[in-house]
Every structure is written in structure tokens, then in C-alpha cells.
1. Roll a 1.4 angstrom probe over the protein heavy atoms and tell me the percent of accessible area of the range 239-392 that is carbon or sulfur.
2. With a probe of 1.4 Å, find how much accessible area the range 292-344 has per residue, and write the answer as a whole number in Å².
3. Grab the Cα-Cα distance for Ile146 and Phe384, subtract it from 0.36 nm times how many residues apart they are, and report the gain in nm with one decimal.
4. When the chain is fully extended, how far beyond the present Cα-Cα distance does Leu31 get from Gln450, taking 0.36 nm per residue of separation?
5. So how far apart, in nm, are the two label points at Gln500 and Asp627 if each is 7 Å from Cα heading toward Cβ?
6. Could you work out how far apart the two model spin labels at Leu70 and Ser44 are, taking each label as a point 7 Å from the Cα in the direction of the beta carbon, and quote it in nm?
7. Could you give the accessible area per residue of the range 457-608, probe 1.4 Å, as a whole number in Å²?
8. Between the alpha-carbon centers of the range 144-169 and the range 440-496, tell me the distance in whole angstrom.
Amino acid sequence: MIGRFSKLGVYQELFRLRDFYLAAGAAVLALLSFVVDYGSPVASRLGVALAIISVAVNGTPIVWGAVKGLLNREVNVDELVSLAIIASLIRGEYLTAAVVSFVMTFGGLIEKVTSESARKAIKSLVQIAPQTATVLADGEERAVPIDKVSVGDKILIKPGERIPVDARILSGVSAVDESAMTGEPLPVQKQVGDEILAGTLNHNGVIRAQATKVGQDTTLGKVIKLVSEAELHRPEAIRLIDRYATWFTPAILTCAAIAWIASEDISRGVAVLIVGCPCTLILAAPTATVAALGRAARAGILVKGGRYLERAAAVKAVFFDKTGTLTMGEPRVEEIACTEGVDKDEVLACAASAEQHCTHPLARAILKAAHYAKIVVRGAENAFHEVGLGVRAMVDGSLVEVGSVMAGGNTTAFPEHLEKCLNHSMARGVTPLVVYRNRIPVGLLNVTDQVRPVAVSTVKQLNRIGIEEVAILSGDHDKAVQRVADTVGIHRVYGRLKPQDKMEIIKEFQSKNLPVMYVGDGINDAPALAVSHVGVAMGADGTDVALETADIALTHDNIARLPWLIRLSRRMLSIIKINIVFGLVFNAFAVLAGGMGWLTPIMAAVVHNVGSVIVVFASASLAIFPDGATEA
């Protein structure tokens with residue numbers, strides 16, 4: 001029942017709950033009361049005493065919950081059951097009051113049990129976090145608490161151990177089970193240079209790795225933070241039912257009074273009060289929401305709250321960022337062009353020095369190229385990342401700028417050789433990064449990025465489930481964006497966009513009643529993520545700003561989960577609507593049956609809890625929503 005047992009509990013701990021033993025003990029007392037007075041026309045003192053003690057144990061918390069609701073000036077549906085218990089006691093029906101108290105209390109425990117399967121999936125993510133790590137220092141292995149590990153520390157992960165922090169493998173090869181984070185059942189082969197995530201399981205190899213993210217900054221840490229916030233934002237359906245509940249209690253009180261006055265039988269009024277408690281209705285949305293949140297978490301999708309999951313069902317357009325979203329986010333420098341008098345190593349050194357503290361995938365490509373070319377990265381001062389354009393910094397007393405053509409001026413100032421290279425790169429759909437020194441272009445870096453293998457199937461699935469518009473919104477030049485679009489099968493393309501341009505395009509579509517889901521990973525995606533109907537961030541490689549702004553995070557950057565997420569959201573709303581309709585009809589018939597005298601107070605208590613459990617089981621079906629489910 002709602003009120004005292006409105007908070008969902010832990011499934012495995014049911015029979016360790018103090019409430020369970022108290023309820024069971026009180027039930028035994030009620031049973032003894034029945035046995036003592038069985039066949040006797042008048043209740044004995046012992047029988048009455050046993051029944052009253054039973055009511056005190058199971059009924060007092062219910063009545064107290066109702067009193068607290070009145071003191072806080074809140075409508076609490078425990079008031080209905082409390083009135084029924086008190087009315088039974090006044091009439092001298094102590095055994096009836098005891099049985100009603102037990103059935104309602106035990107019903108609350110059953111709701112608690114059947115609801116927990118939804119939340120259990122979310123909590124399991126928190127429980128996989130290791131508490132210690134083996135740190136390698138001065139040739140020795142030391143087990144240290146996880147909060148003592150720092151970025152840059154070298155760690156050892158043995159077979160069968162969970163990985164304590166996000167790290168990059170320095171030596172060793174192993175199969176890593178990432179199912180807890182991604183939902184993928186098969187272990188993934190990891191080798192030198194690969195990233196490994198905190199909370200995942202090292203299967204069969206000895207790995208030495210260097211910590212890249214620790215504590216709350218790890219992917220698991222971000223997941224835990226999202227989980228802790230997941231139920232703070234309630235969906236519209238729950239708020240609607242809350243408003244409904246405020247007038248429902250007075251309506252049931254009126255029905256009970258009419259049944260009593262019309263029949264001159266107070267037991268009918270008591271039965272109406274019991275079945276009138278709208279638990280089926282109030283459970284309709286929260287249980288479905290929690291079950292869907294848990295299912296999404298197991299699939300590697302972290303949703304910040306129920307309302308965001310609800311919004312996904314209404315999405316009619318899905319817009320993607322390009323780099324790091326539709327592409328792998330692992331670009332590489334394939335060609336370097338330079339002006340006369342400047343060699344390629346100098347161009348790469350300038351670019352790497354300016355980009356060394358930037359987190360953008362293109363910056364990582366430049367730094368990786370410099371590493372392989374054995375280029376010394378020089379110190380940079382006053383580095384500044386201008387979102388959507390590039391990076392500028394002071395390197396050896398010179399102003400170095402790296403980014404798009406617009407970063408340092410227009411192409412008219414380009415030397416003829418460099419301008420030809422630039423035009424050729426853009427015609428091929430390659431991303432050119434111009435390197436300026438003191439506002440003069442000195443070189444060009446051609447960067448390419450591989451399209452994600454799942455991108456094509458993802459776009460097809462989105463079209464198949466009825467998404468009306470799929471588009472790419474990118475700051476890259478048109479040819480590079482069009483190359484990716486042609487590869488994945490997207491026909492609407494927007495290139496050369498600044499962050500505010502992405503935001504305006506999304507607003508334009510949403511003004512046409514096309515709610516937009518935007519998927520991105522970078523700082524420049526934050527405004528688009530914020531303004532979209534649903535913002536989805538790439539959780540593994542996404543920046544902190546993108547993750548903070550987004551409503552949903554893909555813990556392993558698996559965009560193939562997006563169509564499934566939309567289907568899950570639609571199914572959740574369908575279950576909620578079915579639950580609400582069932583709750584309304586069930587309550588209406590139950591109140592009618594109670595008023596007509598077809599239900600005794602004890603029967604009413606049983607019927608009431610049967611309805612609640614049916615709703616919870618319907619919601620729990622979302623916890624096993626299959627990967628290949630069809631659209632709801």
C-alpha cells in the first residue's frame with residue numbers, strides 16, 4: 001500500500017526485514033484470536049486482547065502515517081485505511097480490524113518485493129566498484145585504497161580482478177568482460193594502447209596499465225552519479241497521478257459515506273474505504289519508470305531521470321554530431337603540408353604544443369602523430385580553446401593557432417601551394433586543420449576518422465521505428481560531413497556549424513513539432529544537448545561538460561542502442577497507460593462492489609492488494625525488455 005510502504009526496498013532482504021516479522025507475528029495473534037473464539041457468539045476477553053495487540057502492531061504504523069500526512073497538510077491515502085481500521089474497532093469488530101491491518105501491511109511488503117527487480121539492476125552498477133588497487137611503484141606492488149590512486153599511477157590487474165580505475169594498457173593482453181557497463185555479454189580482447197574501464201572484469205591476462213581517470217571522473221564514477229540522480233526527476237505521468245490523488249481521497253470518503261447512509265450498514269462504508277485506496281493508480285507510473293531505468297542501465301544506457309526516459313518516446317528527429325559520435329573519435333593525421341621555409345616537423349611541433357591540453361579527438365590525433373614522429377612537445381602559455389573554431393596558445397613567444405580555416409582568417413591570405421592542398425583535402429572529404437603562426441598560415445594537417453561500424457544499421461533502425469528526420473550537425477566542412485553522411489545513409493547534412501548554429505537548427509525543428517534527440521560528445525555539443533528535447537552524450541569518450549549537460553549517457557558509446565532506447569521508452573509509456581486505465585477501472589468496480597455489500601472489509605483488503613500486485617508485475621515486465629523487441 002502507498003504511504004507507509006511507498007519506498008521500494010531490497011528483494012533479497014524481505015525475510016530479514018523487521019517489518020516482515022512484526023507483521024507475521026501480529027498475524028499469528030489474529031489467528032489465535034480467531035481460534036480462541038471460534039464457534040462462540042461472543043468474543044472472549046482473551047480473543048479481544050489478542051486481536052487488539054495484532055491491530056496495534058500492524059495498524060498503528062498505518063494510522064501514524066495518516067496522522068503525519070494530516071500534520072504536513074498532505075493528502076495521504078493511508079487515511080482511508082486508517083478510518084476503516086478505526087471504524088471496525090469502534091463497532092467492536094476487533095478481529096476484522098486485525099485482519100485488515102495485516103493484509104494491508106503484508107500487501108505493502110509484497111509491493112516492495114515485486115518492485116525491487118527494477119532498482120536492483122541499477123544498484124548492481126554501484127556495487128561492482130573495487131575498493132583497492134595494486135599500484136606499481138619503485139618496482140614494488142602495493143595494495144592501496146581506491147581513493148589513493150592518482151592519474152598517471154601504474155597499476156597491475158591480475159586475472160579475475162575488477163579494474164579499479166579507467167586506464168590505458170601499457171603491457172599485457174587479456175579478455176575484459178565489460179557487460180556490467182555496456183550490456184555486451186562477450187568479453188572484449190584488450191591489448192597495449194587500449195582503454196579499460198573501472199568496474200569491468202579482467203578475465204585471463206596480467207595487465208599493467210596507467211590510470212587516466214580516477215574516482216568520480218571514471219566512467220563508472222559518472223555512472224554512479226547519474227544513478228544517484230536518476231529518480232529525482234519524475235516523469236509527467238507521475239506528477240499527473242499525484243494531482244489526481246489529492247482529490248481522490250475526498251471522493252472515496254464521500255462514496256463511503258453514501259454507502260453507509262444508503263444501506264445503514266457501516267461495514268459497506270468500511271469496505272469502500274479499504275478498496276478505495278488508489279494504490280494501483282499511484283503505483284502505475286513509478287514502478288514502470290524504475291523498471292525501465294534499470295533495464296536501460298543494464299544495457300549500458302544511463303538516464304538521469306524518469307522524465308528524460310519518458311521524453312524519448314516523443315522523439316521524431318535524431319541529430320548526430322559527426323566526430324566522435326558517428327565516427328570512432330580516433331582520427332589520425334594522414335598528411336602534412338607546409339609552406340616554403342617551414343618543414344613538416346615544425347608544423348607538427350607547433351600544432352602539438354598548442355593542442356597538448358585539449359581533449360578534442362582532433363587534438364588527440366595531433367598529439368599521437370607527434371608521439372610517433374618523436375616530436376618534442378614544447379611548453380605552451382595562455383592556451384585557449386575557442387569552441388567550434390580551434391585552439392590558440394603562445395609557443396616559444398609566437399602565437400600559434402590550430403583549427404578550421406576560420407580560426408586565423410580567410411583563405412585569401414593562403415600561399416598558393418597551401419590553398420591547393422586545402423581545396424584538394426576538402427574535395428576528398430578529409431578534415432583539414434590549418435596551423436597559423438602569428439596569424440600567418442604555415443601548414444596544414446589532413447585528418448581522417450573512421451565511421452563507426454554500427455552507424456549504418458543504427459540509421460536504418462531509426463528510420464524503421466518511425467523517426468521522421470535524421471541529420472548530421474557538424475562544425476567540419478561540408479565535404480567531410482557529406483562523406484560520412486553518404487557512408488551511413490543520412491540525407492540531411494549541416495556543416496561548418498558553430499555551437500550556437502547547432503542550437504538554432506534544433507530550435508527550428510522543435511518549433512515545427514518535431515522533438516529532437518541530439519547525440520554528441522564534445523564541449524561544442526553542450527548547447528545543442530541542453531536545448532534538445534533529449535540530449536544524449538557519449539559516456540566513455542565524451543567530455544565532462546557534455547555529460548553534465550546531457551539527459552542520457554551511453555556508457556560505452558554504443559549508438560546502436562538508441563533505437564532500442566526509443567522503443568523501451570514507448571513501451572514504458574504504454575505500460576503506464578495500461579496501468580492507469582486498469583487502476584481506474586479496478587478501483588471503480590471495487591468501490592461499487594464494496595458499496596453494494598459484495599465485499600466484506602476483509603475481502604476488500606485482499607482485493608485491494610491483488611490489484612496493486614498486478615500493476616507491479618506488469619511494470620516489472622519492462623525489466624526483461626528484450627534487445628530485439630519490436631516497437632510498442
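1. Roughly 55 percent of what the probe reaches on the range 239-392 is carbon or sulfur.
2. Per-residue accessible area for the range 292-344 comes out at 32 Å².
3. 82.4 nm
4. Net length gain for the segment: 143.7 nm.
5. Label-label distance for Gln500 and Asp627, simple model: 4.4 nm.
6. 3.6
7. Counting only protein heavy atoms, the per-residue value for the range 457-608 is 38 Å².
8. Using only Cα atoms to place each centre, the spacing works out to 36 Å.
The values are calculated or read from the model by the stated rules, or taken from the named source; none is laboratory data. Just so it is clear, the model here is predicted, and its values are computed rather than measured. When we count neighbours, we look across all protein chains shown, and the Cβ atoms used for this are built from the backbone with ideal geometry, even at glycine. Only protein heavy atoms, including side chains, enter the accessible area calculation; ligands, DNA and RNA are left aside. Shrake-Rupley method; radii C 1.70, N 1.55, O 1.52, S 1.80 Å.
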